[in-house]
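Below you'll find the structure, written out as structure tokens, and then a few comments.
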Amino acid sequence: MKSKRIAILEARMGEQLAGLVAQRGGVAFHVPALAELPDLDAAAIERLVRSLEAAPPKLAIFQTGVGTRALFDTTDRLGATATFLSILEKSVVAARGPKPSGALRARKVRIDRAAAEPFTTREVLEAIEDVDLRGARVIIQRYGSANTELDRALEARGATVVEIPTYRWSLPKDTGALAELIAQLERHEMDAAVFTNAEQVRNQFLVAARLGKADTLRQALNATVVASIGPVASAALRHEQVRIGVEAKPPKLGALLSSLEAALT
């Protein structure tokens, strides 16, 4: 990666990722493409827990570590954690990947189903395919946006789905840095762009569309090495007709950086 200029669009772990790029000799340009905003309504969570006591869910799906911890932090404040844990004890608990699994184990929650790599909706559905959901209630810890693919698949199997918002994704308040990144890509000043979330792709193209530069961004990205953390981000890139130079396998930062370094060498 020596002296290679690499755009990092990750928000939460962006500085850490930029540091790892620098350790490998690259020049990182950290331009967060999304903001994570709390989306937990304590009163709504309290009502939900009461309703789950009356009508327990057959299945509970946890999708992210951050969201799972935020949900339990809220039940702590409400004094409802013991009740929520007792509800989960009677349910089939599924985790999308190692991060929600870790958050659940920290609360001593039994995990009945765990999605396999690369931890997409497909693997979640495969992990629970033997669970009879006809007439069943299912709760899903939502991450940045509603997982409509998961919701529809469960509803098609006869389930009633209740999503629990924990945080939501938004454009950064100041999109000037994203606009400047588009200009830098257009001037071929970046050797690579790293996407670790599908929403980063959508937000970058949303900003470009507002500037009348969606086609410009597409062409500029296709003139660089585009690195994707995994299948979900890759699907968003393909939707925008962007060629993927590197996809991490497994979908982790270490594998992503090693693959990117090999591609740039």
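The values are calculated or read from the model by the stated rules, or taken from the named source; none is laboratory data. Source: prediction; values computed, not measured. Positions of Cβ are backbone-derived with ideal geometry, glycine not excepted, and every protein chain shown enters the neighbour counts.
Observations, loosely collected:
- Options LEU125, LEU133, LEU150; residue that is within 19 Å of the chain's Cα centre (by Cα), farther than 21 Å from ALA70 by Cβ and hydrophobic (A, V, I, L, M, F, W, C): LEU125
- Those residues of segment 88-120 which are closer than 22 Å to GLU247 by Cα and either of a type outside the set (Asp, Glu) or in the same structural domain as SER228 (by TED's automatic domain parsing) (or both), in sequence order: ARG96, GLY97, PRO98, LYS99, ALA115, ALA116, PRO118, PHE119, THR120
Yes/no matrix, rows are residues, columns are (1) crowded, with 18+ Cβ neighbours inside 10 Å; (2) under 23 Å from the mean Cα position of the chain (by Cα); (3) modelled with pLDDT of 90 or more; (4) not hydroxyl-bearing (Ser, Thr, Tyr):
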| residue | (1), (2), (3), (4) |
| --- | --- |
| MET1 | yes, no, no, yes |
| MET13 | no, yes, no, yes |
| LEU37 | no, yes, no, yes |
| ILE45 | yes, yes, yes, yes |
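- Output for segment 1-59, where each listed residue is assigned to a helix (DSSP H, G or I), in contact with a helix residue (DSSP H, G or I) (Cβ under 7 Å, 6 or more places away or on another chain) and over 26 Å from LEU217 (Cβ atoms): ALA42, ILE45, GLU46, VAL49, LEU52, GLU53
- Residue within segment 209-218 that is closer than 23 Å to ARG122 by Cβ, assigned by TED's automatic domain parsing to the domain that holds PHE195 and not in a helix (DSSP H, G or I) present: no
- Pairs, first surrounded by fewer than 19 Cβ atoms within 10 Å (Cβ to Cβ) in segment 210-229, second of a type in the set (Gly, Ala, Ser) and in a helix (DSSP H, G or I), C-beta under 8 Å, six or more apart: LEU211/ALA179; ALA214/ALA208; THR216/ALA208
- Members of segment 55-113 found to be of a type in the set (Val, Ile, Thr) and over 22 Å from TYR167 (Cα atoms), listed by number: THR83, ILE87, VAL92, ILE111
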